[in-house]
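Since every read-out is calculated from the coordinates, none of them should be taken as a lab result. None of the values given here were measured: they were computed from a predicted structure. When we count neighbours, we look across all protein chains shown, and the Cβ atoms used for this are built from the backbone with ideal geometry, even at glycine.
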Amino acid sequence: MNIKLKLENYPEVNEAQLNDSINVITRNKEKWSEPFFIDTKTHVNMEKIAQASQDFLKDEINNIIVLGTGGSIQTLLALKHLSKKKIYSITSSRAVELKQCIDETSPADSVVIPISRGGETLDVNASIGIFLEKGYKFLGLSSKGTMNEMLQKIGCPILDVPDLSGRFAGSISNVGIVPAHLSQINIQDFLNGLEEGYRDFMNLNRNAAMIFASYLYGLYNKGYKVVFSMPYSNNLEGSVGLFVQEISESTGKDEKGIMGAYQSAPLCQHSVLEYLLGGTKGTVVPIIWTIENEINDMVLQSSIGYVNGQSAQTIVNHQADATFQALIEQSVPSAKISIESPDESNIGNLIAFIQSTVYYLCLLLDVNWANNPKVVIGKKICNEALMNKISSGERESIRKRIAEQKF
């Protein structure tokens, strides 16, 4: 039984509900492809990674600049707090982030890692040139498309990206492992935690991921369509971001699905908690995420007697538990997910829990867990507008014409 992760949810899932969920999952799992993400070895070749990255592991390389978005970056963000280097995650060509990165780094102390499975991601391709022009070093993660052609022209090392669903592939492929390796994150501990998690969670028995999926599915059938996460540590926000992407992008198809969202906690206690406690009921499921033993915890000094001498994380976790209790008192279905600490092994375990939960939930909803067919719609519109130089005014006119037809 997994002791690194604890799930507490109300209302609790009874045996009959859990058994019904297991039966549905068993029946539907043959409809879709096997969960490739439980294979933690096939798509990671540490010898090739070491060979391609040897020039970027020198002491003078202090900055890892990753050009990627969505599944290409989210696993690394879950591990970012463990990096020994400064990680810049450039998810688009927004000028503020690009300028800050260029102002704070230099070609001598940085390596740029563009990531794209298909090689046509505009957010990535649009940013490559600005770093190339300034003489930055590159290590590409790509297998095909425009980006691959660009990287081959500059002669930089290129490692492949497997043709797998990106949001699930980051943890078991070059996508997440290469930048984490360059950031001196302990890859083996992470993969060990991931593998241990899949042993615990990816079996058709009572386990935390199966229970959580059954819990969310039961609420979905009662009309709940949004899962709002409240991570009580910055070191959990990357993992929660992965959960938000996976639950939204994986379940949200065929006119079905659950929307994921989050805001940092305890900040969210002062912005959305009033709605959760006193607003419209029956639509949102709050999820609290906590860490038992935080990295770099510190003892607080305060004139408040019951605060003085307590650790900072103790105060935060008391707030998390108080919020959880308040939600239950107001009859709001809610859950709490806790991990022991945010080290590599525990984060691997947490990602295994997240991906197992989303996989089960998709089978319960009877949707394909691996694809995301609608995402390309907006990408196509954007590329056509850029290529045809359609002005802002023309774009607005097009939207008005479409809206008149649709609404």
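Structure notes:
- Across the chain, C-alpha contacts under 8 Å between residues 6 or more apart give a mean separation that, scaled by the residue count, equals a relative contact order of 22 percent.
- Top of TRP289, TRP369, TRP32 by mean-square fluctuation, Gaussian network on the chain, Cα under 10 Å: TRP32
- Sequence-distant contacts, meaning Cα pairs under 8 Å at least 6 residues apart, place the relative contact order of the stretch 76-135 at 36 percent.
- Flagged links, alpha-carbon separation over 31 Å, of LYS137/LYS379; LYS253/LYS281; LYS80/LYS222; LYS6/LYS380; LYS4/LYS144: LYS80/LYS222; LYS6/LYS380; LYS4/LYS144
- Helical runs (DSSP H, four residues minimum) scored at -39500 (n - 2.57) apiece and divided by the length of the chain put the mean residue ellipticity at 222 nm at -14500 deg cm²/dmol.
- Exposure proxy for SER127, SER302, SER143: other Cβ atoms within 10 Å of each Cβ, ordered fewest to most, give SER302, SER143, SER127.
- Net dipole in debye of the chain [+1 Lys, Arg Cβ; -1 Asp, Glu Cβ; about Cα centre; nearest 20]: 1240 debye
- Extents of the chain, taken as max minus min of Cα coordinates on every principal axis and listed largest first, are 60, 60, 44 Å.
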